[in-house]
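K.L.:
First the structure, then my questions, so here it is.
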Amino acid sequence: MRVQQAEIKLDQDANTLKSLEDQLKFQELQLKAGFENAYQMMKIEKMNIDLAEKIYNNELKRKDIGSVSGMNLTQLQSQLLTAQGNYIGAVMQMLTYKIQLDKLYNQ
């Protein structure tokens with residue numbers, strides 16, 4: 001009777017271990033995909049900053065010669081700040097995934 005109970009307990013523990021391993025593998029896949037997506041988003045947001053800076057700087061030069069309104073320049077500055085904020089958000093998202101992966105790997 002005790003041997004049979006021990007075998008049942010062993011099977012239960014093996015099933016629990018297998019389930020935990022599967023959950024951890026799934027979590028790893030999710031975190032890696034999230035990290036990669038966040039990294040790609042960060043690269044896109046960096047390109048958006050570069051573009052917004054070019055547009056803003058061009059309009060700033062045009063303002064110096066008097067061919068641009070202050071309102072237009074203010075809008076472009078706002079767009080640049082938004083692009084920078086989006087970039088920071090993407091970096092933070094990527095770092096969050098990195099930290100979660102490090103925790104998963106016990107690093």
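K.L.:
Just give me the residues in the range 70-87 being surrounded by 14 or more Cβ atoms within 10 Å (Cβ to Cβ) and over 15 Å from Lys54 (Cα atoms), in sequence order.
P.N.:
Result: Asn86, Tyr87.
K.L.:
Among Lys18, Lys32, which is the only one that is in contact (Cβ under 8 Å) with a residue 40 or more places away in the chain and among the basic types (Lys, Arg)?
P.N.:
Lys32
K.L.:
Would you be able to tell me the number of residues in the range 53-107 that are within 26 Å of the chain's Cα centre (by Cα) and at pLDDT below 90?
P.N.:
1
K.L.:
Could you tell me which of the residues Lys63, Lys103 is in a helix (DSSP H, G or I), surrounded by 11 or more Cβ atoms within 10 Å (Cβ to Cβ), without any contact (Cβ under 8 Å) to a residue 12 or more places away in the chain and basic (Lys, Arg)?
P.N.:
After ruling out the rest, the residue left standing is Lys63.
K.L.:
In this structure, does Leu20 turn out to be surrounded by fewer than 11 Cβ atoms within 10 Å (Cβ to Cβ) and among the hydrophobic types (A, V, I, L, M, F, W, C)?
P.N.:
In short, yes.
K.L.:
Determine, yes or no, whether Gln84 is assigned to a helix (DSSP H, G or I) and not hydroxyl-bearing (Ser, Thr, Tyr).
P.N.:
So Gln84 passes the test.
The values are calculated or read from the model by the stated rules, or taken from the named source; none is laboratory data. Quantities reported herein were computed from a predicted structural model and do not represent experimental measurements. Virtual Cβ from ideal backbone geometry, glycine too; neighbours counted across all protein chains shown.
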